[in-house]
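The values are calculated or read from the model by the stated rules, or taken from the named source; none is laboratory data. Since the structure is predicted, the reported quantities are computational estimates derived from the model, not experimental observations. All Cβ positions, even for glycine, are placed from backbone atoms using ideal geometry, and neighbour counts span all protein chains on display.
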Amino acid sequence: MTIEEKVLAIWTADAAAIALVPAARFKVPGNWQNLARPYVIQYPIAETTLHTHETGGQAAKLRQWEFYQLSVVADSYSSAKAVVEKMRALFNGPVSGINMQYRGQRWVGDSDVTETKHIAVDFRIAETLT
């Protein structure tokens, strides 16, 4: 399972989360047009793979995403902020086999063309690889 699939699985396991943004509007980077809002685009930005030692002498692979951005695009600041706050609550700490750390959010801005609002949310993610 990819990291994008893992993040989406965590989101869709929470009824309040999918009420805000259904799974069909939780996307990976692509040429998305005419999506109903709000929607989320996942950007896995910076990855590092490490080898660690577990008890018993077995080496394990650990992947860290130093920056994993979730971009929230909505019709209003308040609707975007509601999604951001749900992300901060849901994606913070050990969740479903990965460890997510909330790193902050930033206002990206308004689009005069699409009349949308954009907030970017950053996480640090660590996952064990098999």
What is the number of the single condition among (1) over 14 Å from the mean Cα position of the chain (by Cα); (2) part of a helix (DSSP H, G or I); (3) buried (at least 18 other Cβ atoms within 10 Å of the Cβ) that residue 82 does not meet?
(3)
What number of residues within region 1-27 are surrounded by 16 or more Cβ atoms within 10 Å (Cβ to Cβ) and either polar (S, T, N, Q) or touching a strand residue (DSSP E or B) at 6+ places or on another chain (Cβ under 8 Å) (or both)?
11
Against the definition (over 29 Å from residue 113 (Cα atoms), modelled with pLDDT under 90 and of a type in the set (Ser, Thr, Tyr)), how does residue 49 come out, yes or no?
yes
Residue selected from region 93-113 under the condition outside any strand (DSSP E or B) and in contact (Cβ under 8 Å) with a residue 12 or more places away in the chain, by the criterion farthest from residue 10 (Cα to Cα):
97
Just one of 69, 42 is closer than 18 Å to residue 127 by Cα, surrounded by 17 or more Cβ atoms within 10 Å (Cβ to Cβ), touching a helix residue (DSSP H, G or I) at 6+ places or on another chain (Cβ under 7 Å) and not hydroxyl-bearing (Ser, Thr, Tyr); which is it?
42
